[in-house]
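Visitor: Pasting a structure here, questions to come.
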Amino acid sequence: MFALVILSNLIIAVSIVVVWVFRFDNIVKEFQEYNLPPLVRNMVGAAKMVLSTLLVAGLWFPVLIPVPALMMAFLMGCAQAAHAKVKNPLSKRIPSLVLLLLSLFSAAAVWFM
């Protein structure tokens, strides 16, 4: 079971890095579409990078996983709400929905181990 948690955490962390580092121009456009200021965008990005780092550190220290996983799930839930607010198609909602579910899985799996 812990192998699935490791895989989930790595998928979450790599996805966050790819989107927030290598595809940052898309993030800028999306936050403008959501009518959110750059400060909010930067705070969300910093929080996601820190939480991703903690999820990876959880590979060695599993006690770290539940809280950052739940916080990441919260941010992904907020992303779902933002997508719904601007009526984005399902294809734009799927990535954050998958990360939301993976985050909830990681938190629950470690919590009940």
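The values are calculated or read from the model by the stated rules, or taken from the named source; none is laboratory data. Everything quoted here is computed from the prediction, not taken from an experiment. When we count neighbours, we look across all protein chains shown, and the Cβ atoms used for this are built from the backbone with ideal geometry, even at glycine.
Visitor: Give me the pairs, please: first residue somewhere in the range 54-72 and in contact (Cβ under 8 Å) with a residue 60 or more places away in the chain, second residue anywhere and not in a helix (DSSP H, G or I), beta-carbon distance under 7 Å, and either six or more positions apart or on two chains.
Guide: Here the result reads I65/G58, each pair linking the range 54-72 to a residue that is not in a helix (DSSP H, G or I).
Visitor: When you check R23 against the structure, is it of a type in the set (D, E, K, R), touching a Phe, Trp or Tyr at 6+ places or on another chain (Cβ under 6 Å) and farther than 16 Å from L104 by Cα, yes or no? Full working, then the answer.
Guide: Values: of a type in the set (D, E, K, R): yes; touching a Phe, Trp or Tyr at 6+ places or on another chain (Cβ under 6 Å): no; farther than 16 Å from L104 by Cα: yes.
Taking the combined requirement at face value, the residue does not satisfy it.
Visitor: List the pairs whose first member sits in the range 86-113 and is touching a residue at least 60 places away in the same chain (Cβ under 8 Å), whose second member is in a helix (DSSP H, G or I) and among the hydroxyl-bearing types (S, T, Y), and whose Cβ atoms are under 7 Å apart, counting only residues at least 6 apart or on separate chains?
Guide: L99/S15; L102/S8; F105/S8; S106/S8
Visitor: To continue, here is another question. Sort out which residues of the range 1-46 are β-branched (V, I, T), more than 14 Å from the chain's Cα centre (by Cα) and either at positive phi or surrounded by 15 or more Cβ atoms within 10 Å (Cβ to Cβ) (or both), and write them in order of number.
Guide: V5, I6
Visitor: Considering (1) among the β-branched types (V, I, T); (2) at pLDDT 95 or above; (3) more than 14 Å from the chain's Cα centre (by Cα), say which one T53 fails and leave the rest.
Guide: (3)
Visitor: Further question: Please give the helices (runs of 4 or more DSSP H) falling wholly within the range 1-94 in which 2 or more residues are of a type in the set (V, I, T).
Guide: By residue number, 2-17, 24-33, 38-57.
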